[in-house]
Amino acid sequence: MPSPPDENMLREAGMEVRKIREDSTMGGGRLLVLGEIERVTEFEKGMPGMEAEINGQWVKDPFSDDRGVAVKVKNKGLVVIGGCSHAGIINTVKHAQKVTGHLKFMPFSAGFILPGR
């Protein structure tokens with residue numbers, strides 16, 4: 001299986017690599033890329049048991065790099081697309097609503113994490 005491209009490969013291919021934690025827009029402000037998604041629900045716990053090596057120490061992985069995308073559709077509301085949705089799709093939708101100020105949203109899509117039973 002081929003390894004994923006690294007930053008240098010992407011830059012050499014002419015791509016711009018931006019590492020940001022804040023919400024940002026693309027496409028002339030029409031597409032909102034969500035930054036770090038605040039965890040506000042009690043029931044969305046991420047992926048239990050997942051760890052990350054941070055500063056040489058294994059800790060519970062907070063998945064703070066989880067992202068989503070939101071697009072406001074005229075007269076309809078927000079379309080929210082989650083990434084891996086480690087923060088939870090409800091947290092992702094709530095974050096998009098908070099950032100945009102639009103409470104109405106349309107159906108959404110995501111890579112949902114379902115806890116084991």
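The values are calculated or read from the model by the stated rules, or taken from the named source; none is laboratory data. Computed from a predicted structure; not experimentally measured. Quick reminder, even Gly has a Cβ in these numbers, built from the backbone with ideal geometry, and neighbours come from all protein chains shown. In case anyone asks, the SASA skips ligands and DNA or RNA and just uses the protein heavy atoms, side chains included. Shrake-Rupley method; radii C 1.70, N 1.55, O 1.52, S 1.80 Å.
Taking only Cα atoms of segment 46-106, what ratio of Rg to Rh do you get with Rh as the Kirkwood inverse-distance radius?
1.13
For F105, which sequence-distant residues (separation of 5 or more, or a different chain) have an amide H within less than 5 Å of its own amide H, given hydrogens modelled in the peptide plane?
L78
Quick check on the chain: of the DSSP beta bridges with both residues there, what percent are antiparallel, nearest 5%?
Of those bridges, close to 90 percent are antiparallel.
If we count chymotrypsin sites (Phe, Trp or Tyr not before Pro) as exposed when they sit in a DSSP loop and have at most 13 other beta carbons within 10 Å, what is the longest stretch of the chain that avoids them all?
Values: sites that count: F43, F112.
Maximal segment without exposed cleavage sites: 44-111.
Count neighbours as other Cβ atoms within 10 Å of each site's Cβ, and list the GluC sites (Glu not before Pro) in segment 30-104 that are DSSP loop with at most 16 such neighbours.
E38, E42
Please identify the trypsin sites (Lys or Arg not before Pro) of segment 25-112 that satisfy two criteria: DSSP loop assignment and at most 14 other Cβ atoms within 10 Å. Which are they? Let's see the in-between values first.
On the way: sites: R30, R39, K45, K60, R67, K72, K74, K76, K94, K98, K104; in loops: R30, R39, K45, R67, K74, K76, K104.
Here the trypsin sites (Lys or Arg not before Pro) that fit, given the DSSP loop and packing criteria, are R30, K45, K74, K76, K104.
Using a 1.4 Å probe on the protein chains only, how many percent of the accessible area of the chain belongs to carbon and sulfur?
56
At 7 Å along Cα-to-Cβ for each site, give me the label-to-label distance between V99 and L31 in nm.
Between V99 and L31, the simple spin-label model gives 1.3 nm.
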